[in-house]
Amino acid sequence: MLPSNSFSLSTIGIIHSCYKEKFGIPKQPGLVDGDTARLELIPPYNRLDTLDGLNEFSHIWIHFIFHACIKEGWKAKVRPPRLGGNKKLGVFATRATHRPNPIGLSVVKIGRIYQEGKKVFIDLHGADLLDGTPVVDIKPYLPYADNITDAKGGFAPQPTQTRSVRFSDIAKYQCDSYQNLHNKDISTLIKQIIEQDPRPAYLSNQVDREHGIKLWDVNVRWCARSDHFEILRIEHE
Ligand code: SAH
């Protein structure tokens, strides 16, 4: 008998993340190292015993659903942003989000594992995940098997080149106030996100155009100058 060619998965957890929209999310995990997200296990998996032993590991693989782009379907050939949007490659040769099965895979550093009432959480560092992302599985990262030091990186051998980020006086003041109020290092987070240049390829030559990125409960207003990025101000949503 042929194996079934369709399977159903159930969500085991939900991501609570600082990234409230797709624009601005780093292209891969680990590019931003702050405390950006936490994973909440949902019933019936919201039990600490499902995680017994995980605190011996530093990183996990997260298998998740690209839930915010399911409706758009998949394409056989896609334009990786890393190639400036000029060249198309096969979907299975990329980490594009529009896939036949909209499954994402991220390796993420874990922090505290804890329970609050009936809720069970894992703190995540450097996750590249949208707020509300459904998680279908997690597995510990095994360095001896998963860390392949002589692997080839195809069209993306290194992270994107970064440019310096400068804060206006008002933005600096607003970040300091946010940090004092919420105990979150928002200036480092903003710097690490913007220095990756989140702009789509077709805008990457434009300067002085204002952009906004929604992080937690604020909208970070910024623009590209000729040789650096400038954080203009922070607006509360
Ligand atoms: N590390 C993952 C993701 C790579 S694509 C993988 O390789 O499978 C990275 C992009 O996924 C981010 O820039 C973000 O815009 C997008 N993304 C993250 N969570 C998403 C979600 N829940 N739905 C749709 N897109 C998402």
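The values are calculated or read from the model by the stated rules, or taken from the named source; none is laboratory data. Keep in mind that what you see is a predicted model, and the values were worked out from it rather than measured. Positions of Cβ are backbone-derived with ideal geometry, glycine not excepted, and every protein chain shown enters the neighbour counts.
Some observations on this one:
- The stretch 96-107, residues that are surrounded by 15 or more Cβ atoms within 10 Å (Cβ to Cβ) and more than 19 Å from TYR141 (Cα to Cα): ALA96, THR97, HIS98, ARG99, PRO102
- Whichever residue in the stretch 95-120 is outside any loop (DSSP other than H, G, I, E, B) and closer than 17 Å to ALA156 by Cβ and, among such residues, is farthest from the ligand (Cβ to nearest atom): VAL107
- Within the set ILE14, ILE62, the sole residue that is in contact with a Gly (Cβ under 7 Å, 6 or more places away or on another chain), of a type in the set (A, V, I, L, M) and part of a strand (DSSP E or B) turns out to be ILE14.
- The number of residues in the stretch 121-143 being assigned to a loop (DSSP other than H, G, I, E, B), within 12 Å of the ligand (Cβ to nearest atom) and under 14 Å from TRP61 (Cα atoms) comes to 4.
- Answer from LEU215, LEU232, LEU181 - the residue that is within 29 Å of ASN101 (Cα to Cα), at pLDDT 95 or above and aliphatic (A, V, I, L, M): LEU215
- Matching residues, the stretch 58-94, being surrounded by fewer than 17 Cβ atoms within 10 Å (Cβ to Cβ), within 12 Å of the ligand (Cβ to nearest atom) and among the charged types (D, E, K, R): LYS71, GLU72
- Within the stretch 2-31, residues that are within 12 Å of the ligand (Cβ to nearest atom) have Cβ atoms under 8 Å from residues that are among the hydroxyl-bearing types (Ser, Thr, Tyr) and not in a loop (DSSP other than H, G, I, E, B) in these pairs: ILE25/TYR19; GLN28/SER106; PRO29/SER106, counting only partners at least 6 apart in sequence or on another chain.
- Strands (runs of 3 or more DSSP E) fully within the stretch 144-226 counting 3 or more residues that are more than 17 Å from the chain's Cα centre (by Cα) and under 25 Å from ASP35 (Cα atoms): 165-167, 218-224
- Among the residues of the stretch 211-237, those that are within 15 Å of ARG166 (Cβ to Cβ) and acidic (Asp, Glu) comprise ASP227, GLU230.
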